[in-house]
Amino acid sequence: MDMIKEEKAIRVLLKERRSFPPLASFAENALISGAKARARLQVAGRRDPEKFWAVAASAISWFKPWRKILSWKAPHAKWFVGGKLNLAHNCLDRHLDGATRNKAAIIWEGETGEVRTLTYLQLHREVSRFANALKTLGVKRGDRVAIYLPLVPEAAIAMLACARIGAVHSVVFAGFSAEALRERVNDAGAKVIVTADGGWRKGGVVRLKDAVDEALKVGAPTVKSVVVLKRTNTDISFMEKRDHWWHRIVSNVTTDCPAAALDSEHPLFILYTSGSTGKPKGVLHSTGGYLVQTAWTTKNVFDLREKDVYWCTADVGWVTGHSYVVYGPLACGATIFMYEGAPMYPRPDRFWEMIERHQISIFYTAPTAIRAFMRVGDEHPRKWNLTSLRLLGTVGEPINPEAWSWYKTVIGDDRCPIVDTWWQTETGAILISALPGATATKPGSATLPLPGIDADVVDKKGNPVPLGSGGYLVIRRPWPSMLRTIWGDDARFREQYWSQIPGVYFTGDGARRDKDGYFWILGRIDDVLNVSGHRLSTMEIESALVAHPTVAEAAVVGRPDELQGQAISAFVTLKGSTPPTLELKDVLREHVSRVIGAIARPADVRFTDALPKTRSGKIMRRLLREIASGGAVRGDVTTLEDFSILAKLQQSEE
Ligand code: WT7
């Protein structure tokens, strides 16, 4: 915990004392209204968590009811055992009987400005068609399908089509490189890759099909077919037999595709996320529990109503896009808004303009975006009428109180509650958050665990720490949407999450509870970075660096950054007589971007003749973090930096 205590951002958080009771005007009509209502649910969730979740599960449509709510053989949970259901049926078919049939399910806007609307009926037909198309490619229940698409409706359609026939999707963020894609596709053993000719980003085309070709050329033996969506009209190479145009294969099939009755524990998706080692972890989620909890949280955390237009700005490449763009809101019959492109493209007010034009009422985004908007100036949101907004959410990293206040006042006009939602790829759904009509909020705190969630802050042995002190954030009891395992590596699942502190789920986050029991997330305590709300492993970036022919050794650390939360700082020793030049720094930054993806490009690269190490040979990361946070890289940035003296001074402490 030493490292994070020292960060300025944390000091600011620790000083924050303000508390805002739920807005009376909002609470009046909220689904869960008033502290008492929350307390009642909280008590119910504590007394009998299984019953609490069984009540939540009754909002879902089951083909066959479950026999047992929970079977828990630590660390393996099965929820709603014996139940049969289909997630796509819950997101689509069951809404077709009443008024929702012709309601917009997806309103989508491309970066280039075109708007498409799909009603529930239309989405149902598109999903059924694509599911049938997947079948013609030989995709069967349990087969894995990789999805490497820009943020277009077809991304949601492909996911729902997999869910409809019981195929397991693995969405790979379109910003990842060919190599990162290949690694994930191979680990999952995907039979099909669904991609596009390209995607729009800041006016340029991201050549996705090229990346797929490159990945397949290097080697992805399980992949038999590639489906290509025409999006940018980019010239691409096409391999007959292997490659299929999306519009062609769907034109040969019908819209009749019954939703498979799947076991509650049938695997739904694999989503790769970074851990503390170099290899990304394939987090596996299953059907029933995941649906129950994403639906419950979408409805209650966002106070979702019939008329809302709900916009979560995440890409479907991340878990937020799975749970709170696609599955949770569609399961609730909501109208979701999706925007394909970059936030401030072509103008800094693009988001606010779209909020007015589409009358968005619920807006859910990341603190890093809020800080970026704050920086470009209030005049941009002020140009637009944002009165359609009624609730704001944040996710992905701790929000600094300054950004929280700006969000509340400038975007929310002091009339929209803010829900700061804490969760992870592994948790599947929000675990800690305010309920907007019932919880007093404090800027920078995710407030309290939701009903049915048993979260705590403990020391290394698992003993709760006194209120006011820092410790490890853990979850004591299984929850329905928790990850079931790491794909192909159950040992890592046990080791990573259930062995660090015996008997409880280890989140990897440090946290503190204040005198009111409120949770303040302090950030990761492992070698995982959070850059603009994206999770990256220091080891993964180090491996990318040492794969470059000039690099002998590399150490990567995070340093506090006002905009991104954390910025990536790389310390590099060069091979032999390679001269340390400015150009080489750029070459190495570009190299990482090519190997992993632009999100992993280091903010700075610093050359050193040796990395500071302890006597036992461990890299002194704490020292490097301090040096990296020290700000200014010396004027002559090409000279080798010598950390040996500093390292000696710190020997005893590390
Ligand atoms: C890590 C999980 C869950 C969706 C996006 C990220 C950090 C997430 C908050 C929050 C403080 C947060 C944690 C967590 N985090 N939400 N509201 N306040 N920190 O998912 O990539 O799996 O990252 O993001 O450090 O462990 P992810």
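Each reported figure results from applying straightforward, stated rules to the coordinates on display, with no laboratory input. Here the structure is a predicted model, which is why all the values come from computation and not from measurement. Virtual Cβ from ideal backbone geometry, glycine too; neighbours counted across all protein chains shown.
Give me the extension gain from Leu467 to Glu402: residue separation times 0.36 nm, minus the current Cα-Cα distance, reported in nm with one decimal.
Here the segment from Leu467 to Glu402 would lengthen by 20.9 nm.
Just the number: Rg to Rh for the stretch 380-506, Cα atoms, Kirkwood Rh, two decimals.
Details: Rg = 17.6 Å, Rh = 16.6 Å.
Here the Rg-to-Rh quotient is 1.06.
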Inset, instruction - Can you tell me which of 331-344, 210-223 comes out highest on packing, and rank the rest after it, using the mean Cβ neighbours within 10 Å? - result: 331-344, 210-223
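Dipole magnitude of the stretch 1-144 about its Cα centre, charges +1 at Lys/Arg Cβ and -1 at Asp/Glu Cβ only, in debye to the nearest 20? Mind showing how you got there, number by number?
Values: 28 positive and 14 negative charges, 164 e Å.
Dipole of the stretch 1-144, to the nearest 20 debye: 780 debye.
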Inset, instruction - Treat every Asp and Glu Cβ in the stretch 143-248 as -1 and every Lys and Arg Cβ as +1, leave all other atoms uncharged, and give the resulting dipole magnitude about the Cα centre to the nearest 20 debye. - result: 200 debye
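Given a Förster distance of 56 Å, report the FRET efficiency between Ser19 and Val115 from their Cβ-Cβ distance, rounded to the nearest 0.05.
On the way: r = 41 Å, r/R0 = 0.73.
That pair, Ser19 with Val115, gives E of 0.85.
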Inset, instruction - Distance between Cα centroids, the stretch 12-54 to the stretch 74-140: provide it in whole Å. - result: 31 Å
Legend entry - Inter-site label distance for Asp526 and Asp604 at 7 Å from Cα along Cβ, in nm: 2.8 nm
Inset, instruction - Return the inverse of the average 1/r over all pairs of distinct C-alpha atoms in the chain, which is the Kirkwood hydrodynamic radius, in Å to one decimal. - result: 25.4 Å
Legend entry - Sequence of Ser577, Ser433 once ranked by neighbouring C-beta atoms within 10 Å, starting from the fewest: Ser577, Ser433
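By average Cβ neighbour count within 10 Å, what is the ranking of 80-90, 10-20 from highest down?
Details: 80-90: 23.5, 10-20: 14.7.
Sorting 80-90, 10-20 by mean packing, highest first, produces 80-90, 10-20.
When the expected Rg is taken as 2.2 N^0.38 Å, what fraction or multiple of it is the alpha-carbon Rg of the stretch 346-438? Intermediate values should be presented prior to the final figure.
Values: Rg = 13.2 Å, N = 93, 2.2 N^0.38 = 12.3 Å.
Relative to the 2.2 N^0.38 Å estimate, the stretch 346-438 comes out at 1.07.
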Legend entry - At most 12 other Cβ within 10 Å, DSSP loop - trypsin sites (Lys or Arg not before Pro), the stretch 85-141: Lys140, Arg141
Inset, instruction - For Ser616 and Ala44, compute 0.36 nm times the residue count separating them, minus their Cα-Cα distance, and round to one decimal in nm. - result: 200.8 nm
Inset, instruction - Run the quick spin-label model on Ala37 and Lys68: label points 7 Å from Cα toward the beta carbon, then report their separation in nm to one decimal. - result: 3.6 nm
Inset, instruction - May I ask you to list the lysines whose Cα is less than 26 Å away from that of Lys618, ignoring any residue fewer than eight positions away on the same chain? - result: Lys5, Lys279, Lys281, Lys460, Lys461, Lys575, Lys585, Lys648
Inset, instruction - Output the peptides 613-624, 230-241 sorted from most to least packed, where packing is the average of other Cβ atoms within 10 Å over each peptide's residues. - result: 613-624, 230-241
Inset, instruction - Quick one: compute the contact order of the chain, relative version, from alpha carbon pairs under 8 angstrom and 6+ residues apart, as a percent. - result: 14 percent
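Run the numbers for Arg357 and Thr578: contour at 0.36 nm per residue of separation, minus the present Cα-Cα distance, in nm. All intermediate terms of the calculation are to be shown ahead of the outcome.
Values: separation 221, 0.36 × 221 = 79.56 nm, distance 5.52 nm.
Gain on stretching Arg357 to Thr578: 74.0 nm.
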Inset, instruction - With both partners inside the stretch 104-249, how many of the DSSP beta bridges are antiparallel, as a percent to the nearest 5? - result: 35 percent
Inset, instruction - At 7 Å along the Cα-to-beta-carbon direction for both Thr550 and Asn29, put a label point, then send me their distance in nm to one decimal. - result: 6.1 nm
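At 37 °C and 0.692 mPa s, grab the translational diffusion coefficient of the stretch 435-557 from Stokes-Einstein with a Kirkwood Rh over Cα pairs, rounded to a whole number in µm² per second.
198 µm²/s
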Inset, instruction - Give me the percent of DSSP beta bridges within the chain that run antiparallel, rounded to the nearest 5. - result: 60 percent
Legend entry - Amide H within-cut-off set for Val419, under 5 Å, with H built and near neighbours excluded: Leu392, Gly393, Thr394
Legend entry - Point-charge dipole on Cβ atoms (K/R +1, D/E -1) for the stretch 476-541, about Cα centre, debye to 20: 320 debye
